[in-house]
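The values are calculated or read from the model by the stated rules, or taken from the named source; none is laboratory data. Note that this is a predicted model, so its numbers are computed, not measured. We place every Cβ from the backbone using ideal geometry, glycine too, and count neighbours over all the protein chains shown. We work out accessible area using only protein heavy atoms, side chains counted, and drop any ligands, DNA or RNA first. Shrake-Rupley method; radii C 1.70, N 1.55, O 1.52, S 1.80 Å.
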Amino acid sequence: MKKVIKVMLTCFVLLSTASIHAATITGSFGVGGAYSATGGAGSDMSDVTAIDFSAAGVVPNITSSGLFATTIINGSITGSGGSLDLSSAVPPGGIDLIIDIGGWTFNLDTFSIDKQDAGELWLSGSGMVSGNGYTPTQANWSFSAVSRTNYGMTVTAVPVPAAVWLFGTG
């Protein structure tokens with residue numbers, strides 16, 4: 001009986017320690033700025049075939065909440081991004097570094113075109129946000145643009161509920 005109690009206490013300590021080091025990410029952040037659009041001509045958004053975030057970098061107007069708010073400070077962060085081909089599926093393994101900012105990275109796994117017409121381009125998707133010592137966490141992503149030069153995007157972490165986390169550790 002003493003062995004069972006000792007094993008249970010050891011497991012409890014290990015699980016407690018694991019949850020401290022394996023904390024999931026909470027909150028969201030938004031980035032707005034310049035990008036370059038490929039495809040078509042003029043100001044028409046209906047024929048955009050690719051978007052490139054790396055060409056212009058990140059505008060220092062970033063909003064953040066949750067864990068992101070402790071590391072992303074408005075007006076003092078620069079970052080880099082990747083490009084996204086709208087005419088093809090995301091390759092296996094996702095698209096690395098759609099966002100790399102304040103010690104956080106976001107890799108896009110899936111996306112869909114929600115609206116694309118002459119005046120607007122709206123995309124949404126999901127992927128993994130990671131960084132700053134936290135466990136990579138599933139996140140939702142949205143992108144919107146009303147011109148071929150300026151955009152806004154948001155990444156919102158979708159942490160696993162505690163009950164699912166505990167179930168998985170049993």
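Within the range 143-158, being open to solvent by 50 Å² or more (accessible area, probe 1.4 Å) and under 14 Å from the mean Cα position of the chain (by Cα) holds for THR154, THR156, VAL158. The C-beta contact set for the range 153-164 (first residue more than 15 Å from PHE68 (Cα to Cα), second residue modelled with pLDDT under 90 and part of a loop (DSSP other than H, G, I, E, B), distance under 8 angstrom, 6+ apart or interchain) comprises VAL160/THR24.
Report yes if some residue within the range 110-132 is open to solvent by 70 Å² or more (accessible area, probe 1.4 Å), within 15 Å of ALA157 (Cα to Cα), touching a helix residue (DSSP H, G or I) at 6+ places or on another chain (Cβ under 8 Å) and at pLDDT below 90; otherwise report no. Among the residues of the range 110-132, at least one is open to solvent by 70 Å² or more (accessible area, probe 1.4 Å), within 15 Å of ALA157 (Cα to Cα), touching a helix residue (DSSP H, G or I) at 6+ places or on another chain (Cβ under 8 Å) and at pLDDT below 90, which makes the answer yes.
So for the range 69-79 (the condition being assigned to a strand (DSSP E or B) and modelled with pLDDT of 75 or more), does at least one residue qualify? No; the residues of the range 69-79 include none that is assigned to a strand (DSSP E or B) and modelled with pLDDT of 75 or more. Looking only at residues of the range 100-109 that are closer than 12 Å to VAL155 by Cβ and part of a strand (DSSP E or B), we find that the one that is nearest to the chain's Cα centre (by Cα) is PHE106.
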